[in-house]
Amino acid sequence: MQIEIDDLSRPQVHALLEEHLANMHANTPADRVFALDLSRLRTPDITVWTAWESGELLGIGALRELDRTHGEIKSMRTPERARGRGAAKAVLARIIETARARGYERLSLETGTHPDFMPAQSLYRSFGFEPSGPFGSYEADPHSAFMALRLTL
């Protein structure tokens, strides 16, 4: 499996982001969906990685810099057909590694509370993320679960 920084130009990536947004809207009220579309991922404060194997897209994840010591995980997604192959773990490990290399002290994320989000929450917990309160411009909401990982001792 190869993990690379992505320029968001390939059709496979566009399709996966569309799948991601459609799933978010299917499980969360529209005004509570915080997933980013393609244009909002193409900003200087966001780095996007994709995982590939033999030309097949296995997953995507992004890291947004909130400030010099705090990052946010965005757009984590594995295509339905590629689940269980370790892509999400590999992409998340790369994001955490990059956050540490950048000197971030904290890595945060917002995910949903619908049962479909439980596998994602389990993945984050397996890496040491713990429930936290809202961060940045987020507000407490029954449709959002907030998690954070301290990167410094």
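Under the condition of being touching a residue at least 40 places away in the same chain (Cβ under 8 Å) and either at negative phi or open to solvent by less than 40 Å² (accessible area, probe 1.4 Å) (or both), the residues counted in segment 125-144 number 5.
For segment 47-60, residues that are touching a Ser or Thr at 6+ places or on another chain (Cβ under 9 Å) and open to solvent by less than 20 Å² (accessible area, probe 1.4 Å) total 7. Residue-level check: of (1) open to solvent by less than 70 Å² (accessible area, probe 1.4 Å); (2) modelled with pLDDT under 95, ARG81 misses just (1).
Within segment 1-22, the set of residues being surrounded by fewer than 16 Cβ atoms within 10 Å (Cβ to Cβ) and either within 13 Å of LYS74 (Cβ to Cβ) or charged (D, E, K, R) (or both) comprises GLU4, ASP7, ARG10, GLU18, GLU19. There is at least one residue in segment 125-140 that is acidic (Asp, Glu), part of a loop (DSSP other than H, G, I, E, B) and farther than 19 Å from ILE46 by Cβ. Counting residues in segment 23-35 that are of a type in the set (A, V, I, L, M, F, W, C), assigned to a strand (DSSP E or B) and open to solvent by 20 Å² or more (accessible area, probe 1.4 Å) gives zero.
The values are calculated or read from the model by the stated rules, or taken from the named source; none is laboratory data. These numbers come from a predicted model, not from an experiment. Cβ: placed from backbone, ideal geometry, glycine included. Neighbour counts: every protein chain shown. Protein only, heavy atoms only, side chains kept; ligands, DNA and RNA dropped before computing areas. Shrake-Rupley method; radii C 1.70, N 1.55, O 1.52, S 1.80 Å.
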